[in-house]
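The values are calculated or read from the model by the stated rules, or taken from the named source; none is laboratory data. It should be emphasised that the depicted structure is a prediction, and the values quoted were computed from it without experimental measurement. Cβ placement follows ideal geometry from the backbone for every residue including glycine, while neighbour counts extend to all protein chains displayed.
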Amino acid sequence: MNIREDFPILQRSSRGKPLVYLDNGATTQKPHQVIHAIEQYYCNHNANVHRAAHELAEEATALLEGCRNKAQAFLGAKHREEIIFTRGTTEGINLVAQVISERIKPGQDIVISQLEHHSNIVPWQLLAQRTRCQHKGDRHYGCRRS
Ligand SMILES: Cc1ncc(COP(=O)(O)O)c(C=O)c1O
């Protein structure tokens, strides 16, 4: 089995060499199966989810919720509500930081590694500001809020 064959874009070259793509944090390449599913969706079911009573919206909603169930099973999540879809990495991390901000306790630290992308730095800096954490070092904040 050659997984590369599932990805049409990996059949092209880049600067004269076989394409190798590692920027998945920003955008993932799509295999044929995903491209086909997206095409099927837009050709047959596309509608607003959870916000209309017509047939297409019912289908689109069922597909979205079915996807949530599949993601839950795949990830081993206890509750289907744990599966939250966001538009991207930054929005997802902002959401996590927002939820965590309610649970920050004095004596806890926020530590961010040196290797993080901007999208995984700013949400934690903002959380440190919001919760009045003390700057303890490079990318290290100590929390004081009770
Ligand atoms: C490595 C990496 N992580 C995270 C992100 C942020 O992703 P998003 O645009 O989905 O918020 C990017 C965006 O370029 C990225 O390159």
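Values for this structure:
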item: Matching entry among V49, V34 (being over 30 Å from R12 (Cβ atoms) and either over 16 Å from the mean Cα position of the chain (by Cα) or within 16 Å of the ligand (Cβ to nearest atom) (or both)); result: V49
item: Residues located in segment 12-31, provided they are farther than 21 Å from R87 by Cβ and within 16 Å of the ligand (Cβ to nearest atom); result: V20, L22
item: Checklist (1) within 30 Å of H140 (Cβ to Cβ); (2) more than 16 Å from the ligand (Cβ to nearest atom); (3) in contact (Cβ under 8 Å) with a residue 12 or more places away in the chain applied to L64, failing item; result: (1)
item: Within segment 39-146, helices (runs of 4 or more DSSP H) holding 1 or more residues that are not assigned by TED's automatic domain parsing to the domain that holds T28; result: 89-101, 122-130
item: Subset of segment 85-105 (residues that are within 16 Å of the ligand (Cβ to nearest atom) and closer than 28 Å to R132 by Cα); result: T86, G88, T89, T90, E91, G92, I93, N94, L95, V96, A97, Q98
